[in-house]
1. Working out 0.36 nm times the residue gap between residue 69 and residue 348, then minus their Cα-Cα distance, what length gain in nm do you get to one decimal?
2. Can you tell which of 241, 19, 74 shows the greatest fluctuation in a Gaussian network model of the chain with Cα springs below 10 Å?
3. Can you sort 103, 263 from fewest to most other Cβ atoms within 10 Å of each residue's own Cβ?
4. Quickly work out the residue 161-to-residue 81 label distance, labels modelled 7 Å from Cα along the C-beta direction, and quote it in nm with one decimal.
5. Compute the distance in nm between two label points, each set 7 Å from the Cα along the Cα-to-Cβ direction, one at residue 88 and one at residue 239.
6. I need the calculated FRET efficiency for the pair residue 231 and residue 340, taking r as the beta carbon distance and R₀ as 51 Å, to the nearest 0.05.
7. Given a Förster distance of 25 angstrom, what is the FRET efficiency for residue 6 paired with residue 327, based on the Cβ-Cβ distance and rounded to 0.05?
8. What does the C-alpha gyration tensor say about the overall shape of the chain? Classify as rounded when a/c is under 1.5, otherwise prolate if a/b is larger than b/c, or oblate.
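Every number here is computed from the coordinates shown, using simple stated rules; none is lab data. Worth saying up front: this structure is predicted, and the values here are computed from it rather than measured. Cβ coordinates were reconstructed from backbone atoms using ideal geometry, including for glycine residues, and neighbour counts include every protein chain displayed.
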Ligand code: CTP
Ligand code: MN
Ligand code: MN
Ligand code: MN
């Protein structure tokens, strides 16, 4: 067994927040397959299985070159038996039967199409599927009751399933900045989410808003939304007020992915950018774009930026690492040291990584 005595080909750290994951990597044929299985598991509401496939894909994204043989993966973390079997099949035969049959399945395709409607989660999509709904168009003339978000989602289905370009994200940024400056001069906006990680396209545009004078940001969102609405720039919006102050449960509460900032999930009406491209002239002169706005007090800003930059797996592992390795509790508001029983302050992402004993990972390498 000479092979077993060879040192491992690659070394990869356990938690996604301990390693660099660039946007472009060398194993997309493998990661796309594993991510499809992760998506399918999520459609079946099997979160554990979904995260396992997502983690396996994420490990492959950090490898410096394309995997040729399954033996090269020896010793790597997060690669379970099932993931390894799928990888091996793809390396040997060019495709995995399980992945291809899942991709072709009626259930996967229907769930993909239905969860692609803004406002529709897995639970709703699954219920509709069991009632015979297969495509968004099946909902148009059906008895199904749709809430306002879902109605907007259905109405703008095509636009919202067309990628948002970086240029479009920047154009939205100009508008959001205008709105914010109009209602609170000196406020600052930061592009977060996938675009901050260097993505060239995304499914939405995420912004974080703050003001250097603590307290000035209070009640800002309704004013911003009202300004945008008055200009006719909003097709849909749902604002949720800050729930941090009135909630009694401290940082020791059960982990929840939801933060408690004042936020707005919206759909912008973005006038076309370039000098009227022909495909736009045929239909309308604007595009519906999903935009997420979040307002953070200045004292929590570093935690908010870190929490809203993603990726989702990177965030999940940051929190898991904080809890499991450092006995700390991290969320988008704060970092709590359970041993010292105190909150640790930070004014930059670098400081937060340092408090966690982690090497700083820049946003462009958080594409886990
Ligand atoms: N997020 C969050 N709470 C939510 C929704 C999102 O904290 N209710 C955070 C996620 O953890 C992520 C960031 O917001 O870090 C961006 O989420 P999202 O826009 O869904 O994903 P992106 O990474 O931006 O990818 P995409 O290009 O698909 O938008
Ligand atoms: Mn996003
Ligand atoms: Mn997303
Ligand atoms: Mn978002």
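1. Numbers: separation 279, 0.36 × 279 = 100.44 nm, distance 4.16 nm.
Computed gain between residue 69 and residue 348 is 96.3 nm.
2. With Cα springs under 10 Å in the chain, the top fluctuation among 241, 19, 74 is at 74.
3. In increasing order of surrounding Cβ atoms, one gets 103, 263.
4. With each label point 7 Å from Cα toward Cβ, the separation is 3.7 nm.
5. Those two pseudo-labels are separated by 5.7 nm.
6. Taking R0 as 51 Å, the efficiency between residue 231 and residue 340 is 0.55.
7. 0.10
8. oblate
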